[in-house]
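Please read the structure below before turning to the comments.
The values are calculated or read from the model by the stated rules, or taken from the named source; none is laboratory data. For clarity, every value in this text was computed on a predicted model and none was experimentally measured. For neighbour counting, all protein chains shown are included, and Cβ atoms are generated from backbone atoms with ideal geometry for every residue, glycine included.
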Amino acid sequence: MDIKKTHDIGTLGPAMKGQKVTVGGWVEDLRELGKLSFITLRDVTGVSQIVVAGPENLLQVKDLSKQSVVLVTGAVQESKARDFTFEIKAEKIEILSRAIHPLPIDPLGRLESGIDNRLNARALDLRNQKTASIFKIRHNVLLCIRKVISDNGFLEVNTPKIIGSASEGGANLFSLKYFDKQAYLAQSPQLYKEQLTLGLERIFEISSFYRAEKSHTVRHLTEFTSVDIESAFMDYTDVMEILEKLIVAVFDHVEKNCAEDIKNLGIELKKPQAPFERVTYKQAIEELGKQGLPLAFGDDLLDSHLRKLGEIHPGFYFLTDWPLKLKPFYIHEKEDDPIVSKSFDLQYGYLELSSGGRRLHDPVKIKARLVEQGLDPMQFEDHLKAFDWGMPPHSGWGLGLDRLMAVLTQIDNVREVVLYPRDPERLFP
Ligand code: ATP
Ligand code: MN
């Protein structure tokens, strides 16, 4: 059985008239008109019409089910069909794989399926051009992120996902049996990336992390992809600038490289401009007070507060200088106002995309903060010892890639932009 193609469909065109090619792909449509049959054949690069004639070939494709895989050899010719500029006149057709009928979902999206049915047949859902476009864009976003962060002098690293102690407190850690020991799945690379600034100064990681939270929202998954950076000799405002430049670069890159995919999604990119607005926590609670949502300094912002702030600031904006007591133990205070922290969230309207800040690098202060938060410094021994080996001042952030993708593609549910999402209910496929 021949299985190799000479061309991807996307590389063909009417200028190749007369050239003999072998293409392979999935049958999207089959119209049988007596002496001729027409197949719409799609591969990952494009779509073509195949003209089938002659008794042997017609018999081959008779009643061929949609999404079956075929290899077609024939000559390129101009097409009179409305949707095609060229077609292939089949000389030889090989059926490589037959799809069942009916399929669990209509991959063309003519019959709309609910998200659960589509996720249950995710591989097939990717034959839907809208879905495929989301993941082509995601690939481009990742390419751009790697390039931009690397160009800023950061080194890509991989930290462990199986960890031996509950870092950062750990109410929402998944635990697992690790032979005869207890282990956990990492919820973030926080402690490792801080330690690595001692050895490598500027590092970043793009990876899955795990949160055992029973959140049933369109923005929470139990397994999500995070982009993390950490840099020595930078303050929190420096890493905020890197983050906003990165976001702008991602939109530019997608605009330049994914025009077809953006069109498939039926959207227009909403390109942001740097600098993003900076709103301090104090300003935010004043704004909320004026809107009839009074808060005292130190109160956390609940969903309702973030929704209201999102109405006032609908695009990208930084929410900065949070009360220190609302922030994790490793966050640095403001030197001139120590109940306030050097911290920020990047918001898109109500949605939090990233959290970051300046970190403490004085182990005495870190231990005091751990105790304040009811954590046991002994549990952090392995982490804290690095702070006696010449730990530089450092800052960083973690950016939720899935949430960024949702904003970019203007899709509400993060499940749409993750191939096989995991949430409290979904563990398969
Ligand atoms: P939230 O308050 O929205 O639950 P968080 O403050 O707990 O988020 P961080 O620990 O600050 O999250 O993580 C950094 C970023 O990682 C978040 O801003 C978000 O974009 C992303 N993120 C965190 N948890 C999840 C999750 N469960 N699913 C998807 N993305 C997440
Ligand atoms: Mn956060």
Item to complete: Please work out which one of (1) surrounded by fewer than 21 Cβ atoms within 10 Å (Cβ to Cβ); (2) at pLDDT 95 or above is the condition Ser395 fails and give its number.
Response: (1)
Worksheet item: Just to be sure, is Val371 aliphatic (A, V, I, L, M) and within 16 Å of ligand 2 (Cβ to nearest atom)?
Response: no
Worksheet, complete the sentence: Of the conditions (1) within 17 Å of Leu399 (Cβ to Cβ); (2) surrounded by fewer than 20 Cβ atoms within 10 Å (Cβ to Cβ), the single one that Thr320 does not satisfy is (2)
Item to complete: Kindly establish whether Val250 is surrounded by 15 or more Cβ atoms within 10 Å (Cβ to Cβ) and either in contact with a helix residue (DSSP H, G or I) (Cβ under 9 Å, 6 or more places away or on another chain) or among the polar types (S, T, N, Q) (or both).
Response: yes
Discussion item. Suppose the filter is of a type in the set (A, V, I, L, M, F, W, C) and at negative phi; does Phe233 pass it?
Written reply: no
Worksheet item: Can you name the condition, by its number, that Pro160 falls short on among (1) surrounded by 17 or more Cβ atoms within 10 Å (Cβ to Cβ); (2) under 23 Å from the mean Cα position of the chain (by Cα); (3) in a loop (DSSP other than H, G, I, E, B)?
Response: (1)
Worksheet entry | Residue, farthest from ligand 2 (Cβ to nearest atom), within the stretch 386-429, restricted to residues that are acidic (Asp, Glu) and not in a loop (DSSP other than H, G, I, E, B) | Asp388
Response to the item:
Among strands (runs of 3 or more DSSP E) entirely inside the stretch 165-256, those with 2 or more residues being within 16 Å of ligand 2 (Cβ to nearest atom) are 202-210, 223-232
Worksheet item: Looking at the stretch 386-396, is at least one residue within 16 Å of ligand 1 (Cβ to nearest atom), under 32 Å from the mean Cα position of the chain (by Cα) and assigned by TED's automatic domain parsing to the domain that holds Leu200?
Response: yes
Practice prompt. Among what's in the stretch 345-379 and is away from ligand 1 (no atom under 16 Å from the Cβ) and either among the basic types (Lys, Arg) or not assigned by TED's automatic domain parsing to the domain that holds Ile331 (or both), pick the residue that is surrounded by the most Cβ atoms within 10 Å (Cβ to Cβ).
Written response: Arg369
Discussion item. Please determine whether any residue of the stretch 217-239 is surrounded by fewer than 22 Cβ atoms within 10 Å (Cβ to Cβ), under 22 Å from Phe380 (Cα atoms), more than 17 Å from the chain's Cα centre (by Cα) and among the small types (Gly, Ala, Ser).
Written reply: yes
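Wholly within the stretch 44-98, which strands (runs of 3 or more DSSP E) include no fewer than the required count, namely at least 1 residues that are among the aliphatic types (A, V, I, L, M) and in contact with a Lys or Arg (Cβ under 9 Å, 6 or more places away or on another chain)?
Output list reads 47-53, 69-78.
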Response to the item:
Picking from Gly310, Gly298, the residue that is farther than 30 Å from Lys271 by Cα, more than 15 Å from ligand 2 (Cβ to nearest atom) and either at pLDDT 95 or above or assigned to a loop (DSSP other than H, G, I, E, B) (or both) would be Gly298
Worksheet item: Restricting attention to the stretch 180-216, and to residues there that are near ligand 1 (Cβ under 10 Å from one of its atoms) and within 16 Å of Leu399 (Cα to Cα), which single residue is surrounded by the fewest Cβ atoms within 10 Å (Cβ to Cβ)?
Response: Arg211
